[in-house]
Structures are given as structure tokens and as C-alpha cells.
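Below you'll find the structure, written out as C-alpha cells, and then a few comments.
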Amino acid sequence: MPERILRYGAQAVLYALFAVFIGYFSTSPAYRHLDDDQALLRISFRHPGKIATDCRTRSAEELAKLPVHLRAEQDCDRERSPVHIRVEIDGQLLHDEVVAPAGLRKDGASSTYRRLPIAAGEHHLKVMINDDRRVEGFNYHGERTVALSPGQVVLVDFVADKGGVIIR
């Protein structure tokens, strides 16, 4: 009987220590997402770049050699262009990244997610994106002046069907 009381007492002490440990670390140390004078610029998109090479037209002999169900007149490579994104804030470069396409054959979408802390206040934001390696420069642009309060989040997204760069 005394062994039983000792065993249960030890268990109770260990459970109490574990509960105190969990209770302390559930509230301390305090986690801060941003400094008190900062806002957040979040870049998040998933976009397949344009096909990296031009398609070629197959000759009549090539088509005749192919099975009937594979006789496509155009022969196109599946590889996609990487997506290049550049972000400037108040005329200064903030972020410059080339996002490679996913997949073993590089035929998937390019995906990125970045959190960039910036100073709160009014800023001129300029975002440029190129999704076609055959085009020099950038083929999508977005600009906006934003007034950010501390802790505010600005999202930069890319949706080609809605005009490209979206800043909200």
C-alpha cells in the first residue's frame, strides 16, 4: 500500500510539472510577428509561365510514321518559362527573384510565397513580372501608392486572367 501511494504521488508531481511547463510556454515568451513600426508585404502566387520554346510543324512523312491517335500537326515542348518577379518600393529594389517551374520536365506552375517586412507609412509600390523567357524586360506591371499602418498586410498576387499583377 505505501508503494502505491508513493507511485501515485510521484505521478501527480510529474503531471503537475508537465502542466506548469505547458502552461508557461503557451503564453511565454511572447511572439511578435512584426516590430511595432512595421507593416508586411506578402507576395504569393502560383502561375505557369509561357511555353519556353516555339512549336514546330511536323512534315507529312513524320505524321505518317506516327500512330493515328498521336498525329498532331504541331510538335510542342512541354517546358515552361520561369517566372521573374521584381518588387520596388519608393524606387528602391526590395525583392528580385526568378521562380523555376515545378516538375521533372519543368512543365508545372511556378510558385512563390514571401513575407517582406517594410516600414509603416506611405509608399509607392511597383511590381514587375515576366512569365516568358523569349520576352526582354517585363510583360506585366502593377503600381500603387499605399498608406500602411503598423501591422497592416499588403498582398501582391498574380492572376493573368484579371490583368496580371494585383496589389491589395
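The values are calculated or read from the model by the stated rules, or taken from the named source; none is laboratory data. Remember, it's a predicted structure, so these values are computed and weren't measured experimentally. Note that each Cβ is placed from the backbone with ideal geometry, even for glycine, and that neighbours are counted across all protein chains shown.
The table below lists the values:
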{"item": "Selected residue [assigned to a loop (DSSP other than H, G, I, E, B), more than 24 Å from PHE158 (Cβ to Cβ), without any contact (Cβ under 8 Å) to a residue 40 or more places away in the chain and among the aromatic types (Phe, Trp, Tyr)] from TYR31, TYR24, TYR15, TYR8", "result": "TYR31"}
{"item": "Residues (assigned to a loop (DSSP other than H, G, I, E, B) and either among the aliphatic types (A, V, I, L, M) or surrounded by 16 or more Cβ atoms within 10 Å (Cβ to Cβ) (or both)) located in the stretch 80-91", "result": "SER81, PRO82"}
{"item": "Test: residue in the stretch 100-122 that is surrounded by 18 or more Cβ atoms within 10 Å (Cβ to Cβ) and without any contact (Cβ under 8 Å) to a residue 40 or more places away in the chain", "result": "no"}
{"item": "Which listed residue is over 17 Å from ILE167 (Cβ atoms), surrounded by 14 or more Cβ atoms within 10 Å (Cβ to Cβ) and of a type in the set (A, V, I, L, M), from LEU63, LEU40, LEU148, LEU94", "result": "LEU63"}
{"item": "Residue in the stretch 26-42 that is basic (Lys, Arg) and at pLDDT 95 or above present", "result": "yes"}
{"item": "Test: residue in the stretch 3-24 that is touching a Lys or Arg at 6+ places or on another chain (Cβ under 8 Å), at negative phi and surrounded by 10 or more Cβ atoms within 10 Å (Cβ to Cβ)", "result": "no"}
{"item": "Unmet requirement for PHE158, which otherwise passes all of (1) over 30 Å from TYR31 (Cα atoms); (2) modelled with pLDDT of 95 or more; (3) among the aromatic types (Phe, Trp, Tyr)", "result": "(2)"}
{"item": "Checking GLY49 against (1) of a type in the set (Gly, Ala, Ser); (2) at pLDDT below 90; (3) under 30 Å from VAL156 (Cβ atoms), the condition it does not meet", "result": "(2)"}
{"item": "Options THR57, THR53; residue that is in contact (Cβ under 8 Å) with a residue 24 or more places away in the chain and more than 23 Å from the chain's Cα centre (by Cα)", "result": "THR53"}
